[in-house]
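K.L.:
Can you read through this structure? Questions will come right after.
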Amino acid sequence: MSGGHDHGHGEHEDHGHGSHDHAEGAHDAHDSHGAPDLKNMTPEQIRALQKQNCIFCHIIAGRVAAKKVYEDEHVVAILDINPLNPGHILLLPREHYQIMPQIPEDMLNHLMSKAKALSHSVLRALQVKGTNIFIANGAAAGQRAPHFMVHIIPRAEGDNITTFKLPKSKIGEEDTETIFHHLKTKVNKAFGIKEEIVTGKEGKEKAHHHTEEEKHDKHHKKHSPQTHEEKHEVHKEHSPHKEIEHPDQEKEEADLDKITSLFTPHAKEEKKGVSLDKIANLFK
Amino acid sequence: MTTENCRICNIAQGKEEVYVIYQDETTVAFLSEQPAVPGHIIVAPKNHFTIIEQVPESLLNQCAKVANKISTCTFEALHAQGTNVLIHNGIPAGQEHAHFLMHILPRRQADSLNFQWQLKQMSEEELSTIELRIKEQTKNISGTHHHEEHHKEEHKSESIEKRDDLRVKYFLRRVG
């Protein structure tokens, strides 16, 4: 095991690691310049290339030194050598996944379960009273390394870390309604839930414990897809509620534009009108 | 298990109105009322547990499954370009409600959040010390094929002397 740590891992891209030979399978998938020809590579070859370039895959395979604090057949946990706080752990699946949506349910369960266990270990080992558990999916979310990881970060009273303090903003009721409608439509689809989505104040509902009766109803609803007519029938009965059954394409686009603009409320608007320079240049 | 003054319990039991995105028998997901970003969602078990260490495995699994599905939905539903999952576990970690919950944060480039952090430099010795301390605890994690590289630790309870002794042996090995 090498003694030196001349490269950072954790959230750093590793550029100084040295050259890698291309994966065996990728030899025939190079263009004339010897660069990997991604267009003509099979998924397996692309995956192999990803693994070849992924420092965490190398660490997991034992080819690169790291401080492992836990491992089993599915996951490996290492210390981040440039931690946010001492004891900062990176929990990695052995398999090279990039983001959470790619991870099979069983594997994600295992990861969460071990994150919980590692949090507990850290509380004991370092005598701290808190941990942050953090996942970044995508560069926009702060993901730096292409290998999926769960951060487990010990927190102590007075450690002066404000990274995970969430700001509290206000989003107007109308915008919230739009967000709610879009999200709930998609989530219902994802979970196979068939129900009308109400908007207006009635969109806010009370969560409820499922009673036996409701369970039966839900089961029934799921397995008897309604026709378009039937749906309208139901709408009539519930007419006091305003409903958007099939939002037209334009409204959908406009809604999405509105939603995305909410993410950057302080972004400067496009300059409208004529540039003064342009006018001045006319006199030359 | 529920508690009277817990807002999350109240939400789970239908005593408060929120924008519920999803719920089932054990779990509820709703829009945060003080969103950090548009589409900020809270996923919580309906039953009251305070920290993740107390949440039963099956329930934690369900929360993770719901969190994953919902965060995936934000890509299409809100044109999110990324997502964060964040847990504040314990007061020093910024936990605000005494009821365990997960934050789902849809993200876009140049939005108002920034989770970049200052990297700390740590010496080899500091890191090794921490590594050993943590490994003493992770031994107890079930399903472990824990590779004890240096010594097989037979005794769970340790005196400080023994720990120091281990550390000394570790460094001697590396130096020698």
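The values are calculated or read from the model by the stated rules, or taken from the named source; none is laboratory data. Here the structure is a predicted model, which is why all the values come from computation and not from measurement. Heads up, the Cβs are rebuilt from the backbone with ideal geometry, glycines too, and the neighbour counts pull from every protein chain shown.
K.L.:
Are any of the residues in the range A:120-132 farther than 26 Å from B:D111 by Cβ and in contact with an Asp or Glu (Cβ under 6 Å, 6 or more places away or on another chain)?
P.N.:
Scanning the range A:120-132, I find at least one residue that is farther than 26 Å from B:D111 by Cβ and in contact with an Asp or Glu (Cβ under 6 Å, 6 or more places away or on another chain), so the answer is yes.
K.L.:
Residues to consider are A:A140, A:A156, A:A145; find the one that is facing chain B (nearest Cβ under 7 Å), in contact (Cβ under 8 Å) with a residue 60 or more places away in the chain and surrounded by fewer than 21 Cβ atoms within 10 Å (Cβ to Cβ).
P.N.:
Step by step, each of A:A140, A:A156, A:A145 is checked, and only A:A156 is facing chain B (nearest Cβ under 7 Å), in contact (Cβ under 8 Å) with a residue 60 or more places away in the chain and surrounded by fewer than 21 Cβ atoms within 10 Å (Cβ to Cβ).
K.L.:
Still on this structure, I have one more. Regarding B:E131, is this residue of a type in the set (D, E, K, R), crowded, with 18+ Cβ neighbours inside 10 Å and out of contact with any helix residue (DSSP H, G or I) (no Cβ under 7 Å at 6 or more places or on another chain)?
P.N.:
Answer is yes for this residue.
K.L.:
Follow-up. Being touching a His at 6+ places or on another chain (Cβ under 7 Å), at the interface with another protein chain (Cβ under 7 Å from one of its Cβ atoms), at pLDDT 95 or above and at negative phi narrows it down to one residue among B:L127, B:L86, B:L60, B:L105; which is it?
P.N.:
B:L86
K.L.:
Restricting the search to the range B:85-125, which residues are of a type in the set (D, E) and surrounded by 14 or more Cβ atoms within 10 Å (Cβ to Cβ)?
P.N.:
Hits for the range B:85-125 are B:D111, B:E124.
K.L.:
Being among the small types (G, A, S) and touching a residue at least 60 places away in the same chain (Cβ under 8 Å) is the requirement here; does B:A67 meet it?
P.N.:
no
K.L.:
Could you check the range A:22-117 for strands (runs of 3 or more DSSP E) lying wholly inside it with 3 or more residues that are within 14 Å of another protein chain (Cβ to nearest Cβ) and touching a residue at least 40 places away in the same chain (Cβ under 8 Å)?
P.N.:
The qualifying strands (runs of 3 or more DSSP E) are A:89-93.
K.L.:
Could I ask something else about it? If you scan the range B:21-47, which residues turn out to be assigned to a strand (DSSP E or B), over 25 Å from A:P265 (Cα atoms) and either within 7 Å of chain A (Cβ to nearest Cβ) or free of Cβ contacts under 8 Å to residues at least 12 places away in the same chain (or both)?
P.N.:
B:Y22, B:Q23, B:V28
K.L.:
Being of a type in the set (D, E, K, R) and either under 13 Å from A:I259 (Cβ atoms) or not in a helix (DSSP H, G or I) (or both) is the filter here; which residues of the range A:177-197 pass it?
P.N.:
A:E177, A:K186, A:K194, A:E195, A:E196
K.L.:
Right, something else. Can you pull out every residue in the range A:140-160 that is of a type in the set (A, V, I, L, M, F, W, C), at pLDDT 95 or above and closer than 21 Å to A:N82 by Cβ?
P.N.:
If the condition is that a residue be of a type in the set (A, V, I, L, M, F, W, C), at pLDDT 95 or above and closer than 21 Å to A:N82 by Cβ, then A:A141, A:F148, A:M149, A:V150, A:I152, A:I153, A:A156 are the ones that fit.
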